[in-house]
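**Q** The structure is given below, and queries will be raised subsequently.
The values are calculated or read from the model by the stated rules, or taken from the named source; none is laboratory data. Just so it is clear, the model here is predicted, and its values are computed rather than measured. A quick note on method: Cβ atoms are made from the backbone with ideal geometry, for glycine too, and the neighbour counts reach across all protein chains shown.
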Amino acid sequence: MTATATEVAAPPAAEAAARRRRARRRGRTVALLFVFPALLLLGALVVYPVLFSVGRSLFDASGTRFVGGQNYTEMFRDPATLKAVRNTAIWVVVAPALLTGLGLILAVLVEKVRWATAFKLLLFMPMAVSFLAAGIIFRLAYDEDPDKGVLNAAVVGVHDAFQGSSAYPTARARDGQGLGEAAGGGYRTSTAVSPGDTVALGLVGVAPKDLPAGARPARTAAGREAAPGELRGVVYLDFTRGGGGEPGRVDPEESGLPRMTVEAVRDGRTVASTTTAADGSFRFADLADGSYTVVLPGSNFAAPYDGVSWLGPALVTPAIIGAYLWIWTGFAMVLIGAGLSTLPRDTLEAARMDGANEWQVFRRITVPLLAPVLTVVFVTLVINVMKVFDLVYVIAPGPVQEDATVLATQMWLVSFGGGNNQGLGSALGVLLLLLVIPAMVFNVRRFRGSQR
């Protein structure tokens, strides 16, 4: 009896299917072997720390007593943690938006620059600097001392160029020598004077080396007599180098104080004002008869302008965000520039041929077409700023650390920086993870959508 064709073909077909199943099993085994090291690292460096932090957040500071959700309740009652949440919210709202906007503007402008590659390289170079090094750089740049901080040096230079500064911030009147305190930090004569009088106004507290260039001895000015209707005087340094001299009297070696503002005041109103000469002399001519008070206004003794307290409680967070912008602007520009290079040029040229100007092309065509790229950049930066730690920890001085703290620094401070409460620190870590996860999920979905 002969076999049919179907019966003859059946065994080879079954054998082929078995071979394919064995091949698939071998392929899965080989793939698993290749993936296993990555899975091992992922489990050791990500999964295990996350699970451990979740478990540790349910115990007290010592880690021996189970407290359930007490750490989470305490977390939202702690003023420092609430301030960290507020500062993190400021970071999330401000930094990604500014970076995405700056990156978009620079990416569009770089296309019109001849040396675009060199320009991109310069803007991207801060990405090669570690956050620790960048923090040290900006800690020095923000220093309040104009001799150290470059920003305050520039601010003070501009201020002094337009407004000037006092030449005698340390000067003061000698007690009991005819000068009393006046409103606004200045000095006035203790007794009334009249036209025809000559007054000597002695000050101390100015080092001879700090006298303005060209200051001359006050002796000659003190010896001049006032003419009728004229009020004369001299403002001098009541100090003789090497000792000696008589307080309240102009001695031969004592210097006049030039460029000092002097006012003649009558009935509470300034009727005349002048500035002292190189020898400290001044004069008021054509004064009406009557009694006057000679006043040295407080502007003569104002402390020099020291610039802006960049790292004070009010500006420390914007200052740190400024450092963050310096580092990450190049990153945003390069990513957006890559998206810009893929835009259909015929669409842009068609809009220009239809009469659209560059602003209209940018607003109505470039930005809408770049929306997916801008969204990815924005969400990536949101994830990044939620985890910012190095810049805040390095730049913010100790006294204002609490004013600048964010969730990442607060987590470290609570756990290891003196708080020694790893239960509460773990709860902060879990909170930070929960805040980051939605942004990460959104980004992953965007990537998958773009691939499809």
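**Q** Of the residues 388, 367, 394, which single one is at pLDDT 90 or above and under 23 Å from residue 101 (Cα atoms)?
**A** Being at pLDDT 90 or above and under 23 Å from residue 101 (Cα atoms) holds for just one of 388, 367, 394, which is 388.
**Q** Separate question: Among the strands (runs of 3 or more DSSP E) lying completely within segment 163-214, list those that include at least 2 residues that are in the same structural domain as residue 247 (by TED's automatic domain parsing), surrounded by fewer than 18 Cβ atoms within 10 Å (Cβ to Cβ) and over 37 Å from the mean Cα position of the chain (by Cα).
**A** Numbers: elements: 179-181, 187-189, 198-204.
Ranges flagged: 179-181.
**Q** One residue is enough: does segment 303-326 have a residue meeting the conditions among the hydrophobic types (A, V, I, L, M, F, W, C) and part of a strand (DSSP E or B)?
**A** No, segment 303-326 has no match at all.
Residue-by-condition table, conditions (1) at pLDDT below 85; (2) in the same structural domain as residue 185 (by TED's automatic domain parsing):
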{"site": "249", "(1), (2)": "yes, yes"}
{"site": "273", "(1), (2)": "no, yes"}
{"site": "314", "(1), (2)": "no, no"}
{"site": "335", "(1), (2)": "no, no"}
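**Q** Of everything in segment 55-114 that's basic (Lys, Arg) and in contact (Cβ under 8 Å) with a residue 60 or more places away in the chain, which residue is surrounded by the most Cβ atoms within 10 Å (Cβ to Cβ)?
**A** Checking each candidate, the answer is 56.
**Q** Let me ask you something else. For the list (1) part of a helix (DSSP H, G or I); (2) surrounded by 19 or more Cβ atoms within 10 Å (Cβ to Cβ), I need the number of the one condition that residue 346 fails.
**A** It is condition (2) that residue 346 fails.
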